[in-house]
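Written below as structure tokens is the structure these notes are about.
The values are calculated or read from the model by the stated rules, or taken from the named source; none is laboratory data. These figures come from a predicted structure and were not determined experimentally. Reconstructed Cβ throughout: ideal geometry from the backbone, glycine too, with neighbour counts over all protein chains shown. Side chains included, ligands, DNA and RNA excluded: accessible areas come from the protein's heavy atoms. Shrake-Rupley method; radii C 1.70, N 1.55, O 1.52, S 1.80 Å.
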Amino acid sequence: FFAVIAIIVSIIASKKLTDPILELKASMRRFEQGDFNAKAELHVNNEIAELGSRFNVMTERIKKLIEQSLLIEEQKRRSEIQALQSQIRPHFLYNTLESIIWMAEMGDNDKIIDMTSSLSKLMRASANDAGDLVSLQTEIDYVANYLKIQKMRYLEKLTYRIDIDPALMQARVLRLIIQPLAENALYHGIKQMKQNGTILVSASSGTYRGSGREDGSKPDSPCLLIHVCDNGVGFQKHIDFQAKSDQDSEEGGIGLINVNNRIKLYFGSEYGVIISSSQNH
């Protein structure tokens, strides 16, 4: 009889001792697996309860540190995007103003009105602080005004066409990512030609296979594909976006690397700019 009582008491005492330990172990495992809200709920009054309390304090501090770190990283990312965004400026402004002065001297008032109106819209969009993302329609309006100005400057030297499905126009894209590509196509492609050149801006929805793994096994990512094509002189030199910076890039100008960096900062390393070009093609 006493032996049975001793066994029962032993089992109860053992359970009171082991259950809190198992609960603490389970809480630690949940925290280890990424559940930063994991807490050890121990309804005992002994050293194990003290250990559980210390564990809860530690997890709460770690959670706050992680949240603070994520906030700092987000602020840093946005600051980098804004810094790169600030480098995109219509530096053709002086040439455009000179063209307007030349048109004024020639008395070509209609072209003056068109160019001034396009320039005003372009500068307004460039200075607008509407956030990082805008509709594709907004970006297309911006690049259309840019190309309209360049068309008035280069006349028959430049032809451009914008061909985009209206269903894609509400897609959200980063501000000022198409105009630098069109500018690059004009100055590094068409301007170097003896004959006339054409720029085509188009877009489509599709998938992009990231290059994160050497075996190419990284899964496809859904994305919006924006194409800026030209029939200019092209180039053979490969642009290494990882090795180059905006300051030391010459082939292709700062626009390509700037746009590539901003896209990767905002959407991730599997997205960015892809170049397909060869000299005289």
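Residue-by-condition table, conditions (1) modelled with pLDDT of 80 or more; (2) under 30 Å from residue 176 (Cβ atoms):
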residue: 5; (1), (2): yes, no
residue: 25; (1), (2): yes, no
residue: 47; (1), (2): no, no
residue: 68; (1), (2): yes, no
residue: 76; (1), (2): no, yes
residue: 80; (1), (2): no, yes
residue: 85; (1), (2): no, yes
residue: 96; (1), (2): no, yes
Requested in this report: Run down 228, 273 and say which single residue is in contact with a helix residue (DSSP H, G or I) (Cβ under 6 Å, 6 or more places away or on another chain), surrounded by 18 or more Cβ atoms within 10 Å (Cβ to Cβ), modelled with pLDDT of 85 or more and in a loop (DSSP other than H, G, I, E, B).
Outcome: 273
Query raised in the report: Out of region 22-50, which residues are crowded, with 17+ Cβ neighbours inside 10 Å and of a type in the set (Val, Ile, Thr)?
Result: 48
Query raised in the report: Which of the following residues is under 30 Å from residue 16 (Cβ atoms), modelled with pLDDT of 80 or more and surrounded by 12 or more Cβ atoms within 10 Å (Cβ to Cβ): 62, 100?
Result: 62
Query raised in the report: Out of region 165-185, which residues are outside any strand (DSSP E or B), hydrophobic (A, V, I, L, M, F, W, C) and either open to solvent by 10 Å² or more (accessible area, probe 1.4 Å) or free of Cβ contacts under 8 Å to residues at least 60 places away in the same chain (or both)?
Result: 167, 168, 169, 171, 177, 178, 181, 182, 185
Query raised in the report: Got at least one residue in region 136-149 being polar (S, T, N, Q), touching a Lys or Arg at 6+ places or on another chain (Cβ under 9 Å) and modelled with pLDDT of 85 or more?
Result: yes
Query raised in the report: Taking the stated definitions as given, is residue 146 open to solvent by 30 Å² or more (accessible area, probe 1.4 Å) and either among the hydrophobic types (A, V, I, L, M, F, W, C) or under 20 Å from residue 229 (Cβ atoms) (or both)?
Result: no
